[in-house]
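Reading through the structure tokens given below for one structure.
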Amino acid sequence: MDMKKRIILSIFALAIFLAQGYARTTIHSDKNTLQGGVKTTQKGDSVFKAHITNDEFQVWMDIDFYNNNIIVPRQEIFGKVPGYFGAIRDTRKWIVSDATIKGNKAILTIINDYGSEDLKAELRYNNDGTYTLTRLDGSTMKIVVNNKWVKIPKEIVFKRKP
């Protein structure tokens, strides 16, 4: 084999070797990113990827703060978002436009589906498996029940639903 072919084959083999090593590192890093330091539930699901509900106000939140890939029903124009707040008795949604996880808490920016009201809130995962949503600043969330506005309290507790 002449020298040119040896060099080309050596470069090709080195490129394949490096590509395989890079792929292994990337896959390993992604696993650590998804699991390392992130609390999980007994089912192994991530804490901030869930469907959570509050029966008293008949409201829920669909969230995935890791992948930010929630599509709000009938509000597809917003694209993929970290989550949303919905109500059984109201078709309007409050959209989580930004979520930053800090331990067992997530700091959220939430807007109404018209974009006319917004707020900062904290969603905390509690030791008993519940979640507490606390409005920190901004507008009060409201839903319509029997043609009347109902204010959501500054602090509301959710339970995880399968």
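Throughout, read-outs are computed from the coordinates displayed, never taken from laboratory work. Here the structure is a predicted model, which is why all the values come from computation and not from measurement. Backbone-built Cβ (ideal geometry, glycine too); neighbour counts: all protein chains shown.
Treat each spin label as a single point 7 Å out from the Cα along the C-beta direction, and report the Thr132 to Ser116 distance in nm.
3.3 nm
Mind giving me the FRET efficiency for Asn104 and Gln75? R0 is 25 Å, r the Cβ-Cβ distance, nearest 0.05 is fine.
That pair, Asn104 with Gln75, gives E of 0.30.
Just to confirm a number: summing +1 for Lys and Arg and -1 for Asp and Glu over residues other than Asn146 whose beta-carbon lies under 13 angstrom from that of Asn146, what do you get?
Once all neighbours under 13 Å are counted, the net charge is +1.
Report the Cα-based extents of segment 49-161 along its three principal axes, largest first, to the nearest Å.
Here the spans come out as 38, 30, 27 Å, largest first.
When the Cα centres of segment 61-122 and segment 127-162 are compared, how far apart do they sit, in Å?
Centre-to-centre distance over Cα atoms comes out at 12 Å.
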